[in-house]
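Heads up: the structure comes next, in structure tokens.
What follows draws every value from the coordinates through simple rules; no lab data is involved. Keep in mind the model is a prediction, meaning the values are calculated, not measured. Glycine gets a Cβ as well: all are built from the backbone with ideal geometry, and neighbour counts include every protein chain shown.
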Amino acid sequence: MIKPHLSTLIFEVTQACDHACIYCYNTWRHPNVRPDTMERTATLPTDLRPLFTHVLDQVDCSLVTLTGGEPLLRPDLPEIVRFLADRGKRINLITNGHRLTDSLAAELIRAGVTLFELPLLSHHRETHDRLSGAPGAFDAVLAALAHIRTHRGQAVVVFVATRHNIADLYPALKLAFAFGARGVMLNRFNPGGRGAAHIEELLPTVEQMRGALAVAEAATQEFGLPISCSIPIQPCLIDLDDYPHLGRGYCAAGSSRAYYTLDTAGNVRPCNHSPTVLGNVWEEPFADIIAPSRLADFVAAVPPFCVPCARRDECQGGCKAAAQVCYGDLYAEEPFLHLNSPLAHPLPPPPTSNFQPPISNLQLPTSNLQGAQYAKPRTEPTRR
Amino acid sequence: MGTTRREFMRDVGISIAALLAMRCTSCQPTCYTPVPPTPSGRGSEWDRLRQPWLDLDLLARDAQDSERGQATLDRLKAEHRAALDALVSAGQIEPAVADEMQIAFEGAAWHIWRANAPMTCYVPSIGPEYWVQGASNLARQADVLTEMASAADLDPNTVAEAQAAIEQDIAYLSLPEEEQQAIMERVMAEAGTGGEYPALWELDLEVSPESAEAARLLVDLLLGRQNE
């Protein structure tokens, strides 16, 4: 049997965290996500190697991303990294960097972490710490970047653009460059989890995002620093073709570039923003869990507003997981589109095109994934 | 004896494959994983032609199983040829050009397959990666670091560590090629056959006084401090 081929798998190795970021997208921090839909553990699960073995035996995937919560809260993280590296995996580590001491950075790089992803939210200590909900976060993340560089590791920086810090983008990019970041992910705030309670406070306006993109467009050329806009930006709001040097991305759910996300109990979700549990790897084969039929509703969902748009298949309305978490419906307009819809307009097809919207997407929703979302997953790993 | 046309095209293909491989490790978009953006799915013949190139990483993985690797190799070559034929039929490229492009792709695909297949005569190995940036870029980093250190009130210890890392990179770059090679040989010797490479800073390197002085001068030169 041919294994499914995926670009990456995301493992949330713990739900615990030592920061309290007000923009946090971890779905289990949202009050509407029922407790039994996600693994919740007061104490860290013990040995994760059986889970990794069980999953990675079933899928062809060379890149594993470790995230949380805060993965560095796990004392066995270097052991986990070594275990995955011994299986030939490249390893990304998403961390706030607060606990990344010099010796731990060296150990993790030697163990096999190929890329660290760290937040850098401002050049102002107070702004970074306030958004992180953790005093000392700013100094800690810069120290972490320095440690990584000293030990010849690779790091990319994530700038989460909110109303509080979007004006700090340029100096933050300078800091990232000075500390040897290999790239920057310019992510507009994408509400979910704790962040969903701060939408109006944090979500930047279209005009603010245009300004930030212009800054990033100039900076990527000035510093030779790759900058990508990882959270979808709807082309009906902002035309990213105006910023040709920036990378861009749209939802990859359902494709081989999807980033299925697993928790420590083996529950599989379409991505790390979504609360939808597709299934549990201890109960059924991974290939069945990610079968197209299982994901059909998620992949097909676009807001009614977007149905006539010529770029609907590309954009998909933005982040449907954010719509699901914030408004309880995959077919809702996600917050960035919803709050800016007076500025948006479905884009017409090119003049010479015989554009025909696909029939499957013209059919307005009769159901969403609420049933799947609330399917009761396992709460404890089962070893077989 | 000069390079033949076919050899040239193979090299073109291998070079493109190498660039693609490098792009895979750089920062690319999607939420939280630096991988390339989602294909638009528009399905033109040009997209079909592009796809086998994008699938070379899949070939690299499949090649570790001989039967599966061979199947993927054959499939990708066939898909590339079919996409070319469609473009030729549509009058978008000349047949002779298509043939050259196929040579380039087959050269690239074979190279990828051979580099990853479990063969005794071409054992895949991952060498140590001591990545350093270009010297001019490093000097700019040092400048910006100095500027931001005061503008953002950074922790002096952190700044010193970052500065030291930059200077270490510049010093490495300033070494003559033979000394860089000597370092690499030393690394390989220390690694032995176990595949465990020591970190650069763990080696007892013998850098000549002349090299150290050259490194210092270069740092000063690139930071504009040589006249102070």
In terms of the Cα gyration tensor, with a ≥ b ≥ c the square roots of its eigenvalues, is segment A:25-167 rounded because a/c is under 1.5, prolate because a/b exceeds b/c, or oblate? oblate
What is the sum of charges around B:SER89, taking Lys and Arg as +1, Asp and Glu as -1, for the other residues whose C-beta is under 13 Å from the C-beta of B:SER89? -1
Please state the shape class of chain A: rounded when a/c is under 1.5, otherwise prolate if a/b exceeds b/c and oblate if not, all from the C-alpha gyration tensor. oblate
Summed side-chain charge close to A:PHE223 - residues other than A:PHE223 whose Cβ falls under 15 Å, Lys, Arg +1, Asp, Glu -1: -1
For chain A, averaging the sequence separation of alpha carbon pairs under 8 Å that lie six or more residues apart and dividing by its residue count, the contact order in percent is 19 percent
Work out the mean other chain Cβ neighbour count within 10 Å for the residues of A:142-148 and drop it here as an integer. 5
Explain nothing, just the number: relative contact order of segment A:218-303, from Cα pairs under 8 Å at least 6 residues apart, as a whole percent. 18 percent
Within a 10 angstrom radius of each residue's Cβ in A:216-229, how many Cβ atoms of other chains show up on average? Whole number is fine. 2
Taking neighbour counts of Cβ atoms within 10 Å as a proxy for exposure, in what order, fewest first, do A:LYS3, A:LYS89 appear? A:LYS3, A:LYS89
Given the peptides B:82-93, A:195-206, arrange them by the average over their residues of other C-beta atoms within 10 Å, most packed first. A:195-206, B:82-93
Mean Cβ-within-10 Å packing, highest first, puts peptides A:123-136, A:144-157 in the order A:144-157, A:123-136
Within a 10 angstrom radius of the beta carbon, how do B:HIS80, A:HIS245 rank from fewest other beta carbons to most? A:HIS245, B:HIS80
Report the local net charge at A:LEU104: Lys and Arg +1, Asp and Glu -1, summed over other residues whose C-beta lies under 12 Å from its C-beta. +1
Among A:268-281, A:50-63, A:12-25, how do they line up from the highest to the lowest mean number of other beta-carbon atoms within 10 Å? A:268-281, A:12-25, A:50-63
Peptide-level mean, for A:59-65, of C-beta atoms on other protein chains within 10 Å: 3
Rounded to the nearest 0.05, FRET efficiency between A:ALA20 and B:ASP153 (Cβ-Cβ, R0 22 Å) equals 0.40
Per-residue HN-Hα couplings for segment A:245-252 [Karplus 6.51, -1.76, 1.60; θ = phi - 60°; Hz; x = Gly/Pro]: 8, 9, x, 9, x, 10, 4, 9
With a ≥ b ≥ c the root eigenvalues of the C-alpha gyration tensor of segment A:182-231, is it rounded (a/c under 1.5), prolate (a/b larger than b/c) or oblate? oblate
Modelling each spin label as a point 7 Å along the Cα-to-Cβ direction, I'd like the B:GLN181/B:ALA78 distance in nm, to one decimal. 4.6 nm
Amide proton proximity set for A:PHE116, modelled H, under 5 Å, gap of 5+: A:LEU93, A:GLN154, A:ALA155, A:VAL156
